[in-house]
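See below for the structure under consideration.
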Amino acid sequence: MMKSKHDISEHILQDLNKVKTWTSDLEFYKSECSFLHKLLDNYFNRLTTPRHIDSLKHIEHELVMLEEERHAIDKQLGSYMSKVKSTAEAMDDDEQKDLEERYGKLWPLMEELTQKTRNVKKEIYAIIEKVIEEDELYDV
């Protein structure tokens, strides 16, 4: 028996718009991570002192993990977009359910990645701020 095809639901179209936004967010996070690496590199000598080395190691690890998560989610978003494109304008109920399940799994991943990104940025900015303050103290 052939499954009947129907137009993509309004719900899937809304999800698709959100996925496009997430894809853009991930591109921005990629740029941010690059900037954060450069920021750490610029202060590397001062961050490798005994006072900061453990924090630097922790932050570098967190930044690498963040990039790996971002990459994994990016692949999932790409898979989602491919699935939507492959169904063109019409899909059966199973395809629609599959897309809804995929979207349901992506939502918490993006929320968690966003929160982790904020936390890593806060940590990096805090340690860089400490280094700058120390520089100002010793320059006086």
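Give the residues of region 82-140 that are among the hydroxyl-bearing types (Ser, Thr, Tyr), surrounded by fewer than 17 Cβ atoms within 10 Å (Cβ to Cβ) and touching a residue at least 40 places away in the same chain (Cβ under 8 Å), sorted by residue number. Within region 82-140, Thr114 is the sole residue that qualifies. Here is a list: Ile53, Ile124, Ile59, Ile132. Which entry is touching a Phe, Trp or Tyr at 6+ places or on another chain (Cβ under 9 Å) and not acidic (Asp, Glu)? Only one candidate qualifies: Ile132.
The residues of region 33-61 that are more than 15 Å from Lys130 (Cβ to Cβ), surrounded by fewer than 17 Cβ atoms within 10 Å (Cβ to Cβ) and either within 21 Å of the chain's Cα centre (by Cα) or among the β-branched types (Val, Ile, Thr) (or both), listed by number, are Ser34, Phe35, His37, Lys38, Lys57, Glu60, His61. Restricting the first member to region 27-39 and to residues that are touching a residue at least 24 places away in the same chain (Cβ under 8 Å) and closer than 19 Å to Ala126 by Cβ, and the second to residues that are surrounded by 12 or more Cβ atoms within 10 Å (Cβ to Cβ) and of a type in the set (Asp, Glu), the beta-carbon pairs closer than 8 Å and six or more apart or on different chains are Cys33/Glu67.
Out of Lys122, Lys83, one residue alone is basic (Lys, Arg) and either closer than 21 Å to Ser34 by Cα or not in a helix (DSSP H, G or I) (or both). It is Lys122.
The residues of region 86-119 that are touching a Leu at 6+ places or on another chain (Cβ under 8 Å) and part of a helix (DSSP H, G or I), listed by number, are Leu106, Leu113, Lys116, Thr117. If only residues of region 1-32 that are over 14 Å from the mean Cα position of the chain (by Cα) and among the hydroxyl-bearing types (Ser, Thr, Tyr) are counted, the one that is modelled with the lowest pLDDT is Ser4.
Checked against (1) in contact with a helix residue (DSSP H, G or I) (Cβ under 8 Å, 6 or more places away or on another chain); (2) closer than 23 Å to Ile128 by Cβ, Glu95 passes all but condition (2). Determine whether Val64 is in a helix (DSSP H, G or I) and modelled with pLDDT under 90. For Val64, the condition - in a helix (DSSP H, G or I) and modelled with pLDDT under 90 - is not met.
The values are calculated or read from the model by the stated rules, or taken from the named source; none is laboratory data. Predicted model, so just to flag it, every value in this text is computed and none were measured. Heads up, the Cβs are rebuilt from the backbone with ideal geometry, glycines too, and the neighbour counts pull from every protein chain shown.
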